[in-house]
Amino acid sequence: MISHDHNFKNVFQDFPKEALEWILPDIPAQMGPIRNIEFIHQEPAKRKLSDRHLSLDMPILFTFEKDQVLLWIVEFQEDKHRFSIYKMLRYATDLMEKYPDALMIPTVLFTDRTRWRTDVLRQISSKWGGKLFLHFESVLSG
């Protein structure tokens, strides 16, 4: 099987504005022109030396003319069985701590075109007594 992840990564790195317009067309339309695009460090900080290495495929920081900031974290995933929404949540919270004023949109782009028999977990939440304590979901494409 041929992996296409690197092709998608190259397209997103070379054309981040167009990739954003393709996957999330409402964002540029509502936030206005992009003033700056920055590719940020891909590895979340380890909490202790023995922690496993985590690497996010492509966190992109967009700054718009109205000083709005979007942190778009994109994970390219070929094998849907290897996707973990919990791992994506760790990426998101680490980056939210570093960029607290940014609107965060986690996105997973599945690059394998085989038909799925079962879906992946798209959201997680924890609530009790009418209170929502945690809700996390990501945009899935593919």
Just wondering, is there one or more residues in segment 60-78 that are of a type outside the set (Ser, Thr, Tyr), farther than 21 Å from residue 21 by Cβ and crowded, with 17+ Cβ neighbours inside 10 Å? yes
For segment 79-104, what are the residues that are crowded, with 18+ Cβ neighbours inside 10 Å and small (Gly, Ala, Ser)? 92
All-but-one check, residue 132 against (1) in a strand (DSSP E or B); (2) surrounded by fewer than 17 Cβ atoms within 10 Å (Cβ to Cβ); (3) of a type in the set (A, V, I, L, M, F, W, C); (4) in contact with a helix residue (DSSP H, G or I) (Cβ under 8 Å, 6 or more places away or on another chain), failing number (4)
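Where a number appears in this text, it was derived from the coordinates with a stated rule and is not lab data. Here the structure is a predicted model, which is why all the values come from computation and not from measurement. Reconstructed Cβ throughout: ideal geometry from the backbone, glycine too, with neighbour counts over all protein chains shown.
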